[in-house]
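The values are calculated or read from the model by the stated rules, or taken from the named source; none is laboratory data. Just so we're clear, the structure is a prediction, and the values are computed from it rather than from any experiment. Reconstructed Cβ throughout: ideal geometry from the backbone, glycine too, with neighbour counts over all protein chains shown. Just the protein is used for accessible areas: all its heavy atoms, side chains included, with ligands, DNA and RNA removed. Shrake-Rupley method; radii C 1.70, N 1.55, O 1.52, S 1.80 Å.
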Amino acid sequence: RRYQLQVVQQPLRAAEFSNYPLSRLPVTPPVIVRLIISDASGNPVVPEAELPFLIAHLSLYSQDGLERVDLRSSPQGHTLYGNLVSSVEQLEDLQGNRGLFFIFPDVSIQWRGHYKLGITLLKIFE
């Protein structure tokens, strides 16, 4: 099988919450990613038995996308907060087509800056 992640919606701006976690606001609009699964011939498939084992993880990278910055432990490190893991959901897109989606509705960035978000698809062992 071939797995492809397609960003459907991504945030353009976020509010920094600095050292005040109770004032954090989620990025808007929330991150939405479509999962497209194809068989060896390139035909789309929905492997129902496999879906509960597929998750996506969100990470924060430097503006050039080369350095992962959400793992820094320094007080001035750029940190990503919120629900950083999403399970796959079968939903309809804006055109009414059924699809597989990962949604990250509650993600905040602690420090001001320019970043890229990275999404990793993971399969938990069955």
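Within segment 106-122, restricting attention to residues that are without any contact (Cβ under 8 Å) to a residue 60 or more places away in the chain and surrounded by 14 or more Cβ atoms within 10 Å (Cβ to Cβ), the residue that is nearest to Ala15 (Cα to Cα) is Tyr115. Assessment of segment 43-55 against the conditions (farther than 20 Å from Phe125 by Cα and not hydrophobic (A, V, I, L, M, F, W, C)) yields at least one matching residue.
From the list Ile37, Ile103, the lone residue that is touching a Phe, Trp or Tyr at 6+ places or on another chain (Cβ under 7 Å) and not polar (S, T, N, Q) is Ile37. Those strands (runs of 3 or more DSSP E) of segment 69-126 in which at least 1 residues are over 30 Å from Tyr20 (Cα atoms) and at pLDDT 95 or above, considering only elements entirely within it, cover 89-92, 98-104, 115-123.
Filter segment 10-36 for residues that are over 17 Å from Ile103 (Cα atoms) and open to solvent by less than 50 Å² (accessible area, probe 1.4 Å) and give the result. Ala15, Phe17, Ser18 - these are the residues of segment 10-36 that are over 17 Å from Ile103 (Cα atoms) and open to solvent by less than 50 Å² (accessible area, probe 1.4 Å).
Looking across segment 1-24, the residues that are in contact (Cβ under 8 Å) with a residue 60 or more places away in the chain and part of a strand (DSSP E or B) come down to Tyr3, Leu5, Val7, Val8.
Screening segment 85-105 for residues that are among the aliphatic types (A, V, I, L, M) and touching a residue at least 24 places away in the same chain (Cβ under 8 Å) and picking the one that is least open to solvent (accessible area, probe 1.4 Å) gives Leu100.
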